[in-house]
Amino acid sequence: LIYNIGLKVEASGPTGHGSQLFPQTAVTKLMKFLSHFNKLRDEELAKLGAGGRKLGDVTTININMIKGGMFAPDGSWQTNVVPPTAMAGK
């Protein structure tokens, strides 16, 4: 059996000017979570590559969307602002 399960993860943290070094930012939290996902993905890929297994025998994980950042009042991206939220999903 093959199941398709969607998952959305959202992290929040302090926001402010990009020249600051805030602890536990939204992006930092999200990246930590995604690193665990990528580790599991690598383990499942290794099982598939070891032979004798096919899709459906392993858990497939693909991150299809990452979202973060801040918009300026004029609608342009503000590249010097630490965003208050970051999201990833499938």
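The values are calculated or read from the model by the stated rules, or taken from the named source; none is laboratory data. Computed from a prediction, not measured in an experiment: that's the story for all the values here. Neighbour counts are summed over all protein chains in view; Cβ atoms, including those assigned to glycine, are modelled from backbone coordinates with ideal geometry. Remember, those area values only see protein heavy atoms, side chains included, never the ligands or the DNA or RNA. Shrake-Rupley method; radii C 1.70, N 1.55, O 1.52, S 1.80 Å.
Mean-square fluctuations from a GNM of the chain, with a 10 angstrom spring cutoff on Cα atoms, peak among 11, 46, 26 at 46. For the chain, the per residue solvent-accessible surface stands at 75 Å², with DNA, RNA and ligands left out and a 1.4 Å probe. With the simple model of a label 7 Å out from the Cα in the direction of the Cβ, residue 42 to residue 66 spans 1.5 nm. Note on the chain: with a GNM built from Cα contacts shorter than 10 Å, the maximum mean-square fluctuation among 35, 12, 76 falls on 76. Note that segment 52-68 has calculated 3J(HN,Hα) couplings of x, 10, 9, 4, x, 8, 10, 8, 9, 10, 9, 8, 9, 8, 10, 9, x Hz, one per residue in order, obtained from phi through the Karplus relation 6.51 cos²θ - 1.76 cosθ + 1.60 (θ = phi - 60°); glycine and proline are x. For the chain, the fraction of 1.4 Å probe accessible surface lying on carbon and sulfur atoms is 58 percent.
Need one number for segment 1-68: average projected area of the convex hull over its C-alpha atoms, nm². It would help to have the intermediate numbers written out before the result.
Numbers: hull surface 23.0 nm².
Averaged projected hull area, Cα only: 5.8 nm².
Sequentially through segment 36-50, phi angles give Karplus couplings (6.51, -1.76, 1.60; θ = phi - 60°) of 5, 4, 5, 5, 4, 4, 4, 5, 5, 5, 5, 4, 5, x, 6 Hz, Gly and Pro residues having no value and appearing as x.
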